[in-house]
Amino acid sequence: MTDLQHNLLGLPPKELQEFFEGLEEKTYRVKQLMQWVYSKHVYDFNSMTNFNIDLREYLDSHCTLAFDLSLRTDVSRDGTTKWLIGKQGNQIIETVFIPEDNRGTLCISSQIGCLIDCPFCATGHQGFNRNLKAHEIIGQLLVARKSLSEEKRITNIVFMGMGEPLANYSEIIKTIKILNDPNGFNISRRRITVSTSGLVPQLRKLGDEVGVALAISLHAPNDKLRDELVPINRKHPIADLLEACWLYAKKQNLRTITFEYTMLKGVNDGKEQAKELAKLLKNKPAKVNLIPFNTFPGVKFEATDRENIDEFRNILLESGIMTITRKTRGADIQAACGQLSGSVRNLAKKTLRQKLKKQLH
Ligand code: SAH
Ligand code: SF4
């Protein structure tokens, strides 16, 4: 693919319609193209037999449906599958499929690296390179679909791979529209979860625009600790974040928002901290997902013991807060939460990194 070729994989239906209108083609071309790609798995314009020759030739020379391929596939003992997808400049992103009894969840990446810099996350340790385009995010689904056997269907999507999805807002919205569309992946909004460290303005916008399920990386019950664990908190403290969450739930009629809490030994896992957390979330549309910490080379944190996780959980349950401990999946292939490191060429220019960071923090 050349840079001049327009990648149609990243266009949601409305933009595809505008594209075809620009070629003086009828609206039904949108449905036809999406059916070729998403139902028939055909990516070569020349094989699209219901397009006339002129259109096929035009598309073939000006557009593309290309996506980056998997360099390596790892399958865990528990059936979790991880793909390493190669990007220009020797960079690699990761995508993970987690099979369960009655569903299959694909965990996708939204950026190459991440700027938020949470000290307990492998992606944060890698630094940041760039946002992914919508066609590159859709490409991850196509790689997974191509590689998985028929019975392993993708029923749910979680933006819990590499990157902070709300820092790549417009491409995420495009992706969600393609995921939702009946001629696209036909995955309903409630089966798509955006996980965020808490970019409050974008969160508010998301609540106005699309009603996907929401997961908030809380990880601490007060600002002092959260400033350290999730540094975006210095700009958007807990009170602002929670206010945006409750508004989101109300607007989108969501019964619950998930609060993710990675259990870090001696850091955020004490009884007092459980009580503090319970106070924040009591009688709110909230449930808590306790995540056992997954380690990676060079990290200074340790995992909380099982009994202490249970104790912490019981305090939340006693306050009437639905709380589960997340099962660790795919740890033997480094595919568990927070272990996705890919290969990120950190932006060499410190000034540019600082400028980007300033916009966030
Ligand atoms: N950037 C998004 C999506 C990230 S990953 C976000 O932060 O929400 C999904 C979850 O895994 C997040 O809650 C993240 O904080 C958590 N996580 C990160 N590193 C982890 C680790 N080493 N062990 C366990 N969970 C981790
Ligand atoms: Fe980025 Fe999320 Fe990792 Fe924090 S936890 S560094 S926001 S990917």
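The values are calculated or read from the model by the stated rules, or taken from the named source; none is laboratory data. A quick note: this is a predicted structure, and the numbers were derived from the prediction, not measured. A quick note on method: Cβ atoms are made from the backbone with ideal geometry, for glycine too, and the neighbour counts reach across all protein chains shown.
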Revision key, fill the gap. Picking from Ile137, Ile173, the residue that is modelled with pLDDT of 95 or more and within 16 Å of ligand 2 (Cβ to nearest atom) would be Ile137
Review point. Got a number for residues in the range 116-173 being within 16 Å of ligand 1 (Cβ to nearest atom) and of a type in the set (A, V, I, L, M, F, W, C)?
Key: 16
Review point. Hey, among Phe120, Phe97, which residue is within 30 Å of Arg226 (Cα to Cα), away from ligand 2 (no atom under 13 Å from the Cβ) and not acidic (Asp, Glu)?
Key: Phe97
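The rows are residues; the columns are (1) crowded, with 16+ Cβ neighbours inside 10 Å; (2) more than 23 Å from Leu132 (Cα to Cα); (3) within 32 Å of the chain's Cα centre (by Cα).
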| position | (1), (2), (3) |
| --- | --- |
| Leu11 | yes, no, yes |
| Lys14 | no, no, yes |
| Glu25 | yes, yes, no |
| Val30 | yes, yes, yes |
| Asn46 | no, yes, no |
| Thr49 | no, yes, no |
Check your understanding: With Thr325, Thr304, Thr262 as the choices, which residue is among the polar types (S, T, N, Q) and within 16 Å of ligand 2 (Cβ to nearest atom)?
Key -> Thr262
Point to revise | Complete set of residues in the range 133-176 that are over 21 Å from Gly207 (Cα atoms), of a type outside the set (D, E, K, R) and part of a loop (DSSP other than H, G, I, E, B) | key: Leu148, Ser149, Ile154, Thr155, Gly161, Met162
Review point. Based on what the data block shows, is Lys271 out of contact with any Phe, Trp or Tyr (no Cβ under 8 Å at 6 or more places or on another chain), over 29 Å from Ala335 (Cα atoms) and not polar (S, T, N, Q)?
Key: no
Exercise for review: For the range 245-272, name all the residues that are under 19 Å from Ile116 (Cα atoms) and surrounded by fewer than 20 Cβ atoms within 10 Å (Cβ to Cβ).
Suggested key: Glu260
**Study point:** Condition broken by Asn168, with the remaining ones in (1) under 23 Å from Ala66 (Cα atoms); (2) crowded, with 24+ Cβ neighbours inside 10 Å; (3) under 12 Å from the mean Cα position of the chain (by Cα) satisfied
**Key:** (2)
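Table: residues versus (1) under 21 Å from Gly320 (Cα atoms); (2) within 15 Å of ligand 1 (Cβ to nearest atom); (3) among the hydrophobic types (A, V, I, L, M, F, W, C).
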residue: Leu206; (1), (2), (3): no, yes, yes
residue: Asn233; (1), (2), (3): no, yes, no
residue: Pro237; (1), (2), (3): no, no, no
residue: Asp240; (1), (2), (3): no, no, no
residue: Glu243; (1), (2), (3): yes, no, no
residue: Phe259; (1), (2), (3): yes, yes, yes
residue: Asp269; (1), (2), (3): yes, yes, no
residue: Lys300; (1), (2), (3): no, yes, no
